[in-house]
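The values are calculated or read from the model by the stated rules, or taken from the named source; none is laboratory data. All values reported here derive from a predicted model rather than from experimental measurement. Note that each Cβ is placed from the backbone with ideal geometry, even for glycine, and that neighbours are counted across all protein chains shown. Remember, those area values only see protein heavy atoms, side chains included, never the ligands or the DNA or RNA. Shrake-Rupley method; radii C 1.70, N 1.55, O 1.52, S 1.80 Å.
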Amino acid sequence: MKVEEIFATDVTRDIPPVIYFHEQSPEKLEAEVGEYIITGGYEEGDPRRHRITDGIHEQFVHLLTNLGKELKRESDLPACWISGFFGSGKSSFAKLLGYSLDHRQLPSGKTLAQALLERDDSPRQAEFRQAWKEAVEGISSMAVVFDIGGAARDDEHIHSAVKRKLQGRLGYCESSSAVADYELKLESDGHWERFLQLAQEALQRPWSEARQERLVENHFSVVMHKLLPDLYEDPLSWLDTHAGTLGKGGASVEDTVLDIQAMLNKRAPGKTVFLVVDEVSQYIHQNDQRMLKLQSFVEALGQRLKGRVWLMATGQQKLEEDLDGSNLSKLKDRFPPRLRVHLAPTNIRDVVHKRLLKKAPQREDALRALYQQHGAGLRLYGYGCDKLTENDFVEVYPMLPGYVDLVMHITSNLRARSSRMKGDDHAIRGLLQLLGEVFRQHKLGQQPLGALVTLDQIYDIQHTALDADVQNTMARLQVHEELADDALAWQVAKVVALLQQVQDQIPTTAATVAQCLYAQVGAPNPLDAVEKALEKLDSLNLVSRSDKRGYRI
């Protein structure tokens, strides 16, 4: 039997590296929710609960339960904070929750909310369904969902971007704040229907089409001349009058909230609006003005709209974490603790297991037999396998469970040390993609059952993130005449190059290198051969060794 035959899905399939908030077609949402993994939800006493006590299931239940309570009263701080390390799934969590609250329909005929709830197959799945039901009961919701990093213009504040995106969602002109503001004024003063009629006559097409065009300000000016000729004497008078303000969104927080209130009264009466804004922590990081404006915005939403408009913001860190150089902790009082969730790295192993490495049920017996025959050797010779259980082995094979934390730790440190590294701290998506690349590049699926992922294979995917000195040494090593026929020495060097990224916590010993090169279930211990390869590399001055940290390139 080949390795690829044991999986429930194609392990070489392409998994997108990033969740994009602007991708919101029904087809895209259905694909994303179809791949979404909800971790946790285990009962007390379930051995899996010891590994993941606070999964995505628990976070959904916590947030929705408390949100439901707040929606039944006039909340003065209508703000939720969704945090998690890079790649922890916070963006997927926020995006799917937001569009579920927006009642998006999928090509299958289901709502996104139904599809999301069905993704929870945990023993406590009923909790999630009940929390959702209680949260949305009695409200008519809509959502505006966007990434502030991609949506912001000219260093604008979050409240300005929110207003503009809401304007677009409600059918106002999103591309020009000046036009959108005047559309609202025309509505408020009773001129809107007449404006639409004149737009059709003057532009020979509906205003709903003209406002999508790049010359929207010109078109608007032409119609305003028709509507108010005494005020705007020629077709470009309105444009000339407002030329200095076009493209600028500098309204105060208070004026913005008043405009939001007026827009909702006109075009979404009775709606509860959820503003889901991704990557807020990165946008306001070390920018006190952005942080202060966000504080004011949350306060004004609560005071003016009394729970009718909610802000859901995502960030990489908990608000209670007072990290050096960060101003996020100053937001603690605006985002109540009961309305905060945090997706921890402990979810990552389960996501990798369920999304990529899930086994076909009829093939599990073959893996269990492999473990029963060779489990003792795995616990002795495999990395992080001293407490390996049969279920652990079945879930993450052909990885070994210890690799999940190790690889995340390595990629986290690589990212911190190298501007070339495009991966993420504690990255689910990085690990998922990395494993996919291992399967594709090393043809791992074509190997006989029992083949294992090794750290030198990980090196082949991640090596461009290493610093220049290490890469230069590795290049010399690869063409060194005394190593031309020594494949093991080259493998050992690759493993050392990665392990030295974390050797402050895990010394790079010969035993650790050997464990990271254990390539086949049932194989003998490679330690002796690895020690000889390290001695050879040391004699050629290609590695050095210290008592505290061990070997390094």
Scanning the stretch 343-364 for residues that are touching a Leu at 6+ places or on another chain (Cβ under 8 Å) and under 16 Å from residue 445 (Cα atoms), which turns out surrounded by the most Cβ atoms within 10 Å (Cβ to Cβ)?
356
Within the stretch 34-90, how many residues turn out to be within 17 Å of residue 311 (Cα to Cα), among the aromatic types (Phe, Trp, Tyr) and either assigned to a loop (DSSP other than H, G, I, E, B) or in contact with a Cys (Cβ under 8 Å, 6 or more places away or on another chain) (or both)?
0
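One line per residue, one yes/no per condition, for (1) polar (S, T, N, Q); (2) under 24 Å from residue 278 (Cβ atoms); (3) surrounded by fewer than 18 Cβ atoms within 10 Å (Cβ to Cβ):
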| residue | (1), (2), (3) |
| --- | --- |
| 109 | no, no, yes |
| 120 | no, yes, no |
| 127 | no, no, no |
| 136 | no, yes, no |
| 149 | no, yes, yes |
Limited to the stretch 267-309, what total is found for residues that are of a type in the set (Ser, Thr, Tyr), assigned to a helix (DSSP H, G or I) and touching a strand residue (DSSP E or B) at 6+ places or on another chain (Cβ under 9 Å)?
2
Candidate set: the stretch 477-488, residues that are under 38 Å from the mean Cα position of the chain (by Cα) and open to solvent by less than 70 Å² (accessible area, probe 1.4 Å); chosen: the one nearest to residue 454 (Cα to Cα)
488
Does the stretch 469-476 contain at least one residue that is among the polar types (S, T, N, Q), open to solvent by 20 Å² or more (accessible area, probe 1.4 Å) and touching a Ser or Thr at 6+ places or on another chain (Cβ under 7 Å)?
no
Can you spot a residue in the stretch 225-235 that is part of a helix (DSSP H, G or I), open to solvent by less than 30 Å² (accessible area, probe 1.4 Å) and more than 30 Å from residue 77 (Cβ to Cβ)?
yes
Quick one: residue 279 ticks every box in (1) surrounded by fewer than 18 Cβ atoms within 10 Å (Cβ to Cβ); (2) at positive phi except a single one, so which number is it?
(1)
Being assigned to a loop (DSSP other than H, G, I, E, B), out of contact with any Ser or Thr (no Cβ under 8 Å at 6 or more places or on another chain), farther than 24 Å from residue 461 by Cα and touching a residue at least 12 places away in the same chain (Cβ under 8 Å) narrows it down to one of 548, 536, so name that one.
548
Lone unmet requirement of (1) surrounded by fewer than 19 Cβ atoms within 10 Å (Cβ to Cβ); (2) part of a helix (DSSP H, G or I); (3) not polar (S, T, N, Q) for residue 333:
(2)
